[in-house]
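Everything below concerns the one structure shown next.
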Amino acid sequence: MNHSGGESDHNRKLVQVTKDKNGIDLVVLRNPRGASATVSLHGGQVLSWKTDRGEELLFSSSKAVFSPPKPVRGGIPICFPQFGNRGTLEQHGFARNKTWVIDQNPPPLSADSNGKVCIDLLLKPSEDDMKIWPHSFEFRLKVCLTVDGRLILISRIRNINGKPFSFSFAFHTYLSISDISEVRLEGLETLDYLDNLCQKERFTEQGDSLTFESEVDRVYLDSCDMVAVLDHEKKQTFVIRKEGLPDVVVWNPWEKKSKSIVDFGDEEYKQMLCVDGAAVGNPITLKPGEEWTGRLELSIVPST
C-alpha cells in the first residue's frame, strides 16, 4: 500500500484493511465502479471477487472453516511449494495455511499498474517451514482489481538459497457457476492430461469442449494461455488468461466425493468448478537468485 507519490485520498479508500471474526486481516480492494475483491492474510487467499452489481464470482463453501491453520474451502487458495499430494508435504503445500504480511515496498513489476487497485503481500519461510522444506524463498503476491473489474494475481517466487530448489504451483480457483451440468470449458481440446482418478495416467482430450457429468480431477499439460468457462444459464463466460503457468487443473468432486469432504456441502459441487492456472507437470526449478513469475487474469464477459 504505497501512499507516496501524490496518491489521492480517493485511492486510499479503494484499499481497506479490516479483520474477519477470527481477527485475521482482510484487505478489501474496490474499483471506482464498485466491483470488489477481498484477500485474506491467512494464506494470501482471495476469498471474494464481485462485479459492480455485487454478484459474487468465486465459490466458497457454506461449510468452509475460517480458523487457521486450516485452509479455507473456496476462493483462490495458493498451492505452493507442492500441488496436491505430489511430494512429501501436506496436501497442496503450506503457503495457503501461513500468515502473509503486507509488503510495503515491493520491487516494481515491469507491467504498468495504472488504473488498477492493488495490494502486495509477502511470505517468507519460518523456521518450522525450513524444517519440512529447507529452502529460503521470498514469495510476493500482487492482487489487482482493474477499472473494468478484472482480477489479476501475480506470484513472484525468488530463490534466496545457496542451492537450487524445485516446486509445483497452482492458483486453485473456485469459480461460482449456476449448475455444473450447464457449463462448458473451452481451450483444452487435443491436450494431454494426467488423470488423478486413474493414478495420474496420461490421456489425450478427445472432446472439442469439456462438459461435466461425473467427478473430474485432471491436470491438462502445456495449455494455451487462455481458457474459457461458458455458463449457459447465467449467460456469462469466465475468461482465464495466464502467463508462466503452463498447465490447467480441472476439478469437481461430484456427489460421492462431496459427501466425504467435511468442509464442503453435499450438493455444493453443482455450484462450483475449479479451473487452476498451474505449473504441475514440469516443476519449476530456480537457481540461487533466480525468480519465477506466474500471472493469472480472470474476467467475466456476457455470452449467449
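Here are the numbers for this structure:
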{"item": "Only one of GLU290, GLU233 that is surrounded by fewer than 16 Cβ atoms within 10 Å (Cβ to Cβ) and touching a helix residue (DSSP H, G or I) at 6+ places or on another chain (Cβ under 6 Å)", "result": "GLU233"}
{"item": "Residue list for region 121-137, restricted to those being closer than 14 Å to ILE154 by Cα and either more than 21 Å from the chain's Cα centre (by Cα) or without any contact (Cβ under 8 Å) to a residue 60 or more places away in the chain (or both)", "result": "LEU122"}
{"item": "Answer residue from region 108-132, given it is under 23 Å from GLN91 (Cβ atoms) and crowded, with 18+ Cβ neighbours inside 10 Å and is modelled with the lowest pLDDT among those", "result": "ASP129"}
{"item": "The one condition in (1) in contact (Cβ under 8 Å) with a residue 60 or more places away in the chain; (2) outside any loop (DSSP other than H, G, I, E, B) that ARG140 fails to fulfil", "result": "(1)"}
{"item": "Subset of region 261-287 [within 14 Å of PRO246 (Cβ to Cβ) and surrounded by 15 or more Cβ atoms within 10 Å (Cβ to Cβ)]", "result": "ASP276, GLY277, ALA278, ALA279, VAL280, GLY281, PRO283, ILE284"}
{"item": "Complete set of residues in region 229-288 that are out of contact with any Asp or Glu (no Cβ under 9 Å at 6 or more places or on another chain) and on the phi > 0 side of the Ramachandran plot", "result": "LYS235, GLY244"}
{"item": "Tabulated pairs, region 279-301, first in contact (Cβ under 8 Å) with a residue 12 or more places away in the chain, second assigned to a strand (DSSP E or B) and surrounded by fewer than 16 Cβ atoms within 10 Å (Cβ to Cβ), C-beta under 6 angstrom, 6+ apart or interchain", "result": "PRO283/SER166; THR285/SER166; ARG295/GLU243"}
{"item": "Residue in region 167-185 that is farther than 30 Å from GLU255 by Cα, within 18 Å of the chain's Cα centre (by Cα) and part of a strand (DSSP E or B) present", "result": "yes"}
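For every residue, the table says whether it meets (1) farther than 18 Å from LEU14 by Cα; (2) crowded, with 23+ Cβ neighbours inside 10 Å.
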residue	(1), (2)
PRO32	no, no
HIS42	yes, yes
PHE80	yes, yes
GLN91	yes, no
VAL101	yes, no
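The values are calculated or read from the model by the stated rules, or taken from the named source; none is laboratory data. Just so it is clear, the model here is predicted, and its values are computed rather than measured. A quick note on method: Cβ atoms are made from the backbone with ideal geometry, for glycine too, and the neighbour counts reach across all protein chains shown.
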